[in-house]
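See structure below.
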Amino acid sequence: NRNPSAPEKAWNDYTIILNTLAKKYGTASSPGYETDRGRIYIRYGEPDRIVRATNEKKALPYEVWFYYRSGTKTNLKFLFFQPGMLGSLMMLLHSNVPEETVNPYWKEMLLSDPGNGDNKLTHKVFEFFN
């Protein structure tokens with residue numbers, strides 16, 4: 001349906017994306033395309049920029065994905081975090097896209113001391129989300 005003139009090419013391109021997502025984001029219990037990062041990748045494509053913070057003091061590991069332009073939208077940001085210390089599964093915690101997860105409590109879930117005013121100086125995430 002997406003490419004009636006060359007459906008086999010469209011299928012092969014999609015298969016390549018699924019295999020890439022399996023390698024990057026798949027876990028023992030979830031194929032890559034079923035993870036939050038995989039779903040966002042399928043919907044918006046490869047991010048233009050990724051900022052990773054794996055060992056900030058008093059914060060869970062997180063990633064921020066940036067899309068400068070996707071379709072008619074610009075300046076899309078997605079915040080993923082790793083809620084547990086085992087494995088590599090990251091979940092979508094917050095975004096600035098109304099159709100996606102917009103979580104007003106993202107600070108409380110990501111940071112161990114969200115009320116500390118010094119957090120804005122310590123954590124990179126405040127550069128991207130206020």
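The values are calculated or read from the model by the stated rules, or taken from the named source; none is laboratory data. For clarity, every value in this text was computed on a predicted model and none was experimentally measured. So basically every Cβ, Gly included, is an ideal-geometry build from the backbone, and we count neighbours across all protein chains shown. The accessibility values were calculated without ligands, DNA or RNA, using every heavy atom of the protein model including side chains. Shrake-Rupley method; radii C 1.70, N 1.55, O 1.52, S 1.80 Å.
Brief remarks on what is shown
- Identity of the residue in the stretch 2-59, among the acidic types (Asp, Glu) and surrounded by 12 or more Cβ atoms within 10 Å (Cβ to Cβ), that ends up nearest to Thr72 (Cα to Cα): Asp48
- Test: residue in the stretch 82-101 that is open to solvent by 20 Å² or more (accessible area, probe 1.4 Å), touching a helix residue (DSSP H, G or I) at 6+ places or on another chain (Cβ under 7 Å) and either part of a loop (DSSP other than H, G, I, E, B) or at pLDDT below 90 (or both): no
- In the stretch 47-60, the residues that are touching a residue at least 60 places away in the same chain (Cβ under 8 Å) form Cβ pairs under 6 Å with partners that are of a type in the set (S, T, N, Q) and open to solvent by 20 Å² or more (accessible area, probe 1.4 Å), at six or more places apart or across chains, as follows: Lys58/Ser112.
- Tallying residues that are open to solvent by less than 70 Å² (accessible area, probe 1.4 Å), in a loop (DSSP other than H, G, I, E, B) and closer than 20 Å to Asp48 by Cα within the stretch 102-130 yields 1.
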